[in-house]
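Enquirer: Below is the structure I would like to discuss, written out as structure tokens.
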Amino acid sequence: MHNIIPYSENAFDLYKEAVDRKDDGESKNRLVAAEKTVEALYKEFDEHFPDNSLRLIPSSRIKKPLRDDLFDMYGYEAAIVKKVKNWLEEHNPVTVYGVCQHCGIVPFDTMDHILPHQQYAEYSVHARNLIPCCTDCNRRKNEREILNLYVDFLPDVEYLFMDVKANGDTIDLSFRLDNSKGLVQPDLFRRIAAHYAKLELFDRMKNVATTRVSGFLTQIKRTYTKYGRQEVIDEINEDVEELRQAYGYNYWEVAFRKGLVNSLVFWDYYEHGRLI
Ligand SMILES: [Zn+2]
């Protein structure tokens, strides 16, 4: 997971442009008439955004038919959403934009609403209420609160680990969070743990990691054959620092690589030719 730089320009201007682009009709008339109301609501959002207190904003305040007009402004291919995506792409590193940072596993293919679209139709196209997300994360989130990667600053300390256990002919991988050294502030750690639980990240990381073992073995083979175990460990530790810079300190692949080379079980299996 990596923090994402949020849209930093005036979100209400983008919204107004989107209303202006709409075809004339009753819906547009209602939206134009409600412009002042929506402007005040946008202001309220922007006041709560920096300290991540968005959930203090009351829900379901806008009634039909205006609620539906606002709700319908969102679409993944809508021009306003494309503008937000373009802005985020331009202002975030290439390794951050494109990958779903909620899991770090797959590319994003949708925009998640930080305040749910259903209860907060007024923010359905607020640029800072939209965050890139993959369908898997979006589905699991199920209107429940997860980390807001725009403003929940992730510390550069290690809290994600992968263990390797012997399981007959093969090895089992499992991910876990650990803050026993107290490096992460307890409230933030509690929310990080809730994020992992809601998005079922341990299982999803285990699945992707298991498919990457054979590629990892291919990668280390040459170095191991030529220089031995310690050189592989040193090489992987260097890779890990690069991955951390690019994808976040606790990127799953960092835990995966470190977990393997630091595991005696892994080396026992590897050196006895039990991993193919
Ligand atoms: Zn995801």
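The values are calculated or read from the model by the stated rules, or taken from the named source; none is laboratory data. Note that the coordinates shown come from a computational prediction; the quantities given were computed from them, not determined experimentally. Note: ideal-geometry Cβ built from the backbone for every residue, glycine included; neighbour counts use all protein chains shown. Ligands, DNA and RNA are stripped out before the accessible areas are found, and what is left, the full protein with its side chains, is counted by its heavy atoms. Shrake-Rupley method; radii C 1.70, N 1.55, O 1.52, S 1.80 Å.
Enquirer: I'm checking my understanding of the structure. Among residues of segment 135-152 that are more than 10 Å from LEU199 (Cβ to Cβ) and within 12 Å of the ligand (Cβ to nearest atom), which one is least open to solvent (accessible area, probe 1.4 Å)?
Expert: The residue in question is LEU149.
Enquirer: Select from segment 12-57 the residues that are small (Gly, Ala, Ser), in a helix (DSSP H, G or I) and without any contact (Cβ under 8 Å) to a residue 12 or more places away in the chain and list them in ascending order.
Expert: ALA33, ALA40
Enquirer: Please state which one of PRO107, PRO116 is in contact with a Gly (Cβ under 8 Å, 6 or more places away or on another chain) and not β-branched (Val, Ile, Thr).
Expert: Being in contact with a Gly (Cβ under 8 Å, 6 or more places away or on another chain) and not β-branched (Val, Ile, Thr) holds for just one of PRO107, PRO116, which is PRO107.
Enquirer: Read through the list (1) open to solvent by 10 Å² or more (accessible area, probe 1.4 Å); (2) more than 16 Å from the ligand (Cβ to nearest atom); (3) in a loop (DSSP other than H, G, I, E, B), then give the number of the only condition that ILE105 fails.
Expert: (2)
Enquirer: Of (1) open to solvent by 20 Å² or more (accessible area, probe 1.4 Å); (2) touching a helix residue (DSSP H, G or I) at 6+ places or on another chain (Cβ under 8 Å); (3) away from the ligand (no atom under 15 Å from the Cβ), ILE80 satisfies all except one. Which?
Expert: With (1) open to solvent by 20 Å² or more (accessible area, probe 1.4 Å); (2) touching a helix residue (DSSP H, G or I) at 6+ places or on another chain (Cβ under 8 Å); (3) away from the ligand (no atom under 15 Å from the Cβ) applied to ILE80, the lone miss is (1).
Enquirer: So, one more: Please give the number of the condition GLY248 fails out of (1) in contact (Cβ under 8 Å) with a residue 60 or more places away in the chain; (2) out of contact with any His (no Cβ under 6 Å at 6 or more places or on another chain).
Expert: So GLY248 meets the others, but not (2).
Enquirer: With the structure loaded, tell me whether LEU217 is touching a residue at least 24 places away in the same chain (Cβ under 8 Å) and open to solvent by 90 Å² or more (accessible area, probe 1.4 Å) or whether it fails that test.
Expert: no
Enquirer: Can you report the number of residues in segment 108-134 which are of a type in the set (Ser, Thr, Tyr), away from the ligand (no atom under 16 Å from the Cβ) and open to solvent by 10 Å² or more (accessible area, probe 1.4 Å)?
Expert: Count: 1.
Enquirer: Given the criterion at pLDDT below 95 and part of a loop (DSSP other than H, G, I, E, B), identify the matching residue among VAL157, VAL125, VAL96.
Expert: On inspection, the qualifying residue turns out to be VAL96.
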